Amino acid sequence: NAGVTQTPKFQVLKTGQSMTLQCAQDMNHEYMSWYRQDPGMGLRLIHYSVGAGITDQGEVPNGYNVSRSTTEDFPLRLLSAAPSQTSVYFCASSYSSRASGGETQYFGPGTRLLVL
Amino acid sequence: AQSVAQPEDQVNVAEGNPLTVKCTYSVSGNPYLFWYVQYPNRGLQFLLKYITGDNLVKGSYGFEAEFNKSQTSFHLKKPSALVSDSALYFCAVRVQALSDTDKLIFGTGTRLQVFP
């Protein structure tokens with residue numbers, strides 16, 4: 001298994017440009033999520049999905065869109081990039097996210113985004 | 001508000017000495033607690049978790065954590081530190097989002113530096 005993969009590893013954007021960060025997992029996990037990591041702030045949840053066709057907002061959803069058309073893929077879209085979106089983005093997945101569980105999340109290697 | 005706190009930005013310890021990385025939490029209901037580690041330029045890796053049962057949880061790479069309900073703490077420990085343990089450590093707590101969905105709230109991270 002490749003686990004959780006993310007592309008690209010690094011990207012530079014100009015303010016106002018759009019782009020899609022790709023995330024894929026091959027573990028048949030129901031739950032997928034996107035986090036951003038900023039110095040001194042830990043990881044903050046952007047969006048998450050509990051299955052194909054189902055997504056919801058996390059702590060910091062503004063400026064980001066997601067969709068989940070398949071179990072495997074969970075792309076994150078920046079419609080109009082802003083310097084405040086300069087960050088490291090991590091995708092994660094777990095088998096489920098049921099309230100009765102304590103599922104371990106598996107993280108991708110991250111995408112480093114710089115918005116000028 | 002449900003939260004998790006890591007009061008130390010950095011912990012320095014000499015190789016061979018015991019180490020402790022602190023974490024306290026505030027959640028309603030029974031907490032599900034996690035520790036993750038992040039090595040440079042990598043995604044987060046799962047170390048251990050507490051769901052229920054024994055208060056002392058053993059995890060990967062010789063790490064363990066002690067759940068203390070009265071002090072609402074979940075400190076990460078290791079009896080003898082290695083230089084290779086130097087990394088960024090995150091404590092996380094599960095909170096319930098929608099009616100049957102969990103999400104993780106992460107602390108801000110503690111950088112562990114082990115000196116030879």
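Quick note: the coordinates plus some simple rules give every number you see, no bench work behind them. Bear in mind that the values here come from a model prediction, so they are computed numbers and not experimental data. Please note: Cβ atoms are built from the backbone with ideal geometry, for glycine as well, and neighbour counts cover all protein chains shown.
For the stretch A:1-47, how big is the tail of P(r) above 15 Å, as a whole percent of Cα pairs?
Numbers: 662 of 1081 pairs.
When every Cα pair of the stretch A:1-47 is considered, 61 percent fall beyond 15 Å.
Taking the Cα centre of the protein assembly as shown as reference, the dipole from Cβ charges on Lys and Arg (+1) and Asp and Glu (-1) amounts to some 340 debye.
Within the listed set B:Gly29, B:Gly62, B:Gly16, the Gaussian network model of chain B (springs between alpha-carbon atoms below 10 Å) gives the highest mean-square fluctuation for B:Gly29.
Hand me the trypsin sites (Lys or Arg not before Pro) from the stretch A:1-77 located in a DSSP loop with no more than 12 other Cβ atoms within 10 Å, in residue order please.
Numbers: sites: A:Lys9, A:Lys14, A:Arg36, A:Arg44, A:Arg68, A:Arg77; in loops: A:Lys9, A:Lys14, A:Arg68.
Qualifying residues, ordered by number: A:Lys9, A:Lys14.
Work out the charge dipole of chain A with +1 on the Cβ of Lys and Arg and -1 on the Cβ of Asp and Glu about the Cα centre, then indicate which of A:Thr86, A:Pro109, A:Met27 is farthest towards its positive end. Looking along the dipole axis, the top candidate is A:Thr86.
A convex hull fitted to the Cα coordinates of chain A yields 96 cubic angstrom per residue. The ellipsoid equivalent to the alpha-carbon distribution of the protein assembly as shown has semi-axes of 29, 21, 16 angstrom, derived from the gyration tensor eigenvalues as √(5λ) and listed largest first. From the alpha carbon centroid of the stretch A:46-73 to that of the stretch B:40-116 is 26 Å.
Return the equivalent ellipsoid semi-axes of the stretch B:1-72 as a descending list in whole Å, where each equals the square root of 5 times an eigenvalue of the C-alpha gyration tensor.
Details: eigenvalues 93, 44, 39 Å².
Equivalent ellipsoid of the stretch B:1-72: 22, 15, 14 Å, largest first.
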